[in-house]
Amino acid sequence: MSTTTPTETQDLAPVRAESLAELLVSTERPRRPSALSTSLTFGWRAVLKIKHVPEQLFDVTAFPVMMVLMYTYLFGGALAGSPREYIQYLLPGILVMSVVMITMYTGVSVNTDIEKGVFDRFRSLPIWRPSAMVGYLLGDALRYAMASAVMLAVGLVLGFRPDSAVGVLLGVVLLLVFSFAFSWVWTMFGLLLRTEKSVMGVSMMMLFPLTFLSDIFVEPETMPGWLQAFVNNNPITHLASAVRGLMDGARPSAEIAWTLGWAGVLVAVFGPVTMRLYSRK
Amino acid sequence: MSSEHPHRRSGPHGPAIETAGLVKTFGDNRAVDGVDLTVPAGTVYGLLGPNGAGKTTTVKMLATLLRPDGGEAHVFGHDVVREADAVRARVSLTGQYASVDEDLTGTENLVLLARLTGHGRKAARTRAEQLLTAFGLSEAAGRQVKNYSGGMRRRIDIAASILNTPDLLFLDEPTTGLDPRSRNQVWDIVRAVVAQGTTVLLTTQYLDEADQLASRIAVIDRGRVIAEGTKGELKASVGAGAVHVRLRDADRREEAARLLRLTLDTQVQLEPDPVALTARVGDGGSPGGEAAAEKASRALAELARAGITVDNFALGQPSLDEVFLALTDQPLTTPAALTEPAGTAAAGTGADAGRTEAEATR
């Protein structure tokens, strides 16, 4: 080991050639890991990133609380007589809206992450290719679950009374499933667009009409016919109705079927496009 | 199958890498323009060239990160396009920049990769710890990599690359931007890795580095291999070294140049600095021939005899500039600053990779 030029201020311990040699010789190469195992490992990576930068949880804590408070008190009196009555209708919808809006951060983080050298390493590993992307989405599912818990807690304080805990749980699960599928749209844009800003811009342009032109705030019956046509076929409307129904103790099978159908279509279309872009990057 | 390393699937004693007419174009730019390489297994092979020569692009194609637009490439007999997964199972890549996750700690990075290469939870942790110890990084194990020094980053990077005991390791400019001491340490690591039977493909801008580590060298420029051979062969064509002379009096430079040309029987280059000149010295291939140092001292004596005061002189390895001059009879087209040793080159390298990446996304 050469130590003749003490130029580096930070003194590093020497590399141990002998132990290095041992490491290189002694190990058997393990078997190729399964797709599930690598996806979960990438999910763990996402969780570690949250652990190191907990500030990034702002969007799943403060933002949803703000949404609930703002819309409940802003529209409550006008639309349903009082905020307390309105929240019974609004909460499942605002939950859907907030979580669906948070999904766009997946695209942003894919976009900033993918340019880093570590992706060259991931892409040169002999593993199931989509697992890096699936890992992101698994980490994000955890964030969505947190956002849901926060909003439900605030809702309960403000007077939201769901029919049963099981219904609430099923509603959240359905929301997470849809968000997982919907996020593939953002992974695609995250890989397609060149800057973080453009990813944000495109996401906003899609998310605003999708979430506002739905039945989240008001029943579609009050809208003009042409708007009803859009609102009634908007996947977010199906999702919000299904979640609202589940939390209200109903069995909205048709809405659930529509939601799962949309989720399937989203994965089937945007999953392969994402992977194509990922391989070409 | 070698009996020393029973876990290595060394294959039918073929070359580690074999490419024929490899081409990659980005728009109008033929970044790699018909590269033929044969890299014997178990050796360090140096890919020497300036920024933008096509080194990184070649490595990316061999590591299955880019699809070639023409020609063929085989790694341990596996086609890099059709059998990409088989290739990935045998190779490992250390890119120009940290190929580890800067937000994670050293331990987390290694555990992550160990898990991805199929180690169990416990085995992954053990392996990570062993590697961190072997690389002298135990103390920094719990710190995020973004807080590591340049030398530490390189170490964790290489540790991550040899985690799965690759048969072929790509090192893309492993010492660019490192101080001389860290550079020596990286060289020591590379030697230790090769001693265990791993083949290394090393790209570099420094002849010095290729000379230290590689047994065969290919010189690459504008996407083409312009010279290839063992170190000895390459040096014979370039000359063993160069005498750099600084005179006290700029007026006497012409005279000094004439004298050096006469004594050394070689080309003399006038440097931009009006008092400096550089002469190539051959190593005298024949047994009776003079060594480079001997020739150089004789030349200096001649200058002294003529009454020309020499302020400073150095006998060094020829720079990449001089290699290119010797091989192509024309100087490098890239700015001279890029071929200076570590430090000044960092900015230029960034531009190079930026270009490669930007074009790759199209």
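The values are calculated or read from the model by the stated rules, or taken from the named source; none is laboratory data. Please read these numbers as outputs of a predicted model, since none were measured by experiment. Here Cβ is always computed from backbone atoms with ideal geometry, including for glycine, and neighbour counts include all displayed protein chains. All accessible areas refer to the heavy atoms of the entire protein, side chains included, with ligands and DNA or RNA removed. Shrake-Rupley method; radii C 1.70, N 1.55, O 1.52, S 1.80 Å.
Quick rundown of the values:
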item	result
Rounded Å value of the spacing that divides the Cα centres of segment A:133-176 and segment A:66-105	14
Span-rule helices in chain A, defined as complete DSSP H runs reaching 20 Å or more along the axis (Cα) with Kyte mean at least 1.6	A:165-192
Over chain A, relative contact order from alpha-carbon pairs under 8 Å, at least 6 apart, %	24
B:E254-A:L156 pseudo-label distance in nm [points 7 Å out on the Cα-to-Cβ vector]	9.5
Per residue solvent-accessible surface (Å²) - chain A, probe of 1.4 Å	45
Dipole magnitude of the protein assembly as shown about its Cα centre (Cβ charges: Lys, Arg +1; Asp, Glu -1), debye to nearest 20	1400
Protein heavy-atom accessible area occluded, A/B pair - total, 1.4 Å probe, Å²	5400
Cα gyration tensor of segment A:35-280 - equivalent ellipsoid semi-axes, whole Å, descending	32, 19, 17
In nm, spacing of pseudo-spin labels at B:R191 and A:W226 (7 Å Cα→C-beta vector)	7.8
For B:V225, distant residues with modelled amide H under 5 Å away	B:D36
Candidates A:L95, A:L266, A:L20: whichever shows maximal mean-square fluctuation once chain A is modelled as a Gaussian network with Cα springs under 10 Å	A:L20
Sites A:A78 and A:V273 - FRET efficiency at Förster radius 45 Å, r taken between beta-carbons, to 0.05	0.60
Span from the segment B:78-97 Cα centroid across to the segment B:104-160 one, whole angstrom	21
Subset of A:K49/A:K116; B:K24/B:K60; A:K197/B:K60; B:K60/B:K235; A:K51/B:K146 violating a 18 Å alpha-carbon distance limit	A:K197/B:K60; B:K60/B:K235
Carbon + sulfur, % of accessible area of segment A:35-280 - ligands and nucleic acids excluded, 1.4 Å	72
Cα gyration tensor shape of segment A:131-232, rounded if a/c is under 1.5, else prolate or oblate by comparing a/b with b/c	oblate
Average projected area [Cα convex hull, segment B:1-156], square nanometres	11.0
Radius of gyration and maximum dimension Dmax of the protein assembly as shown, Cα, Å	31.0, 108
Check: segment A:170-281 dipole with +1 on Lys, Arg Cβ and -1 on Asp, Glu Cβ, in debye	700
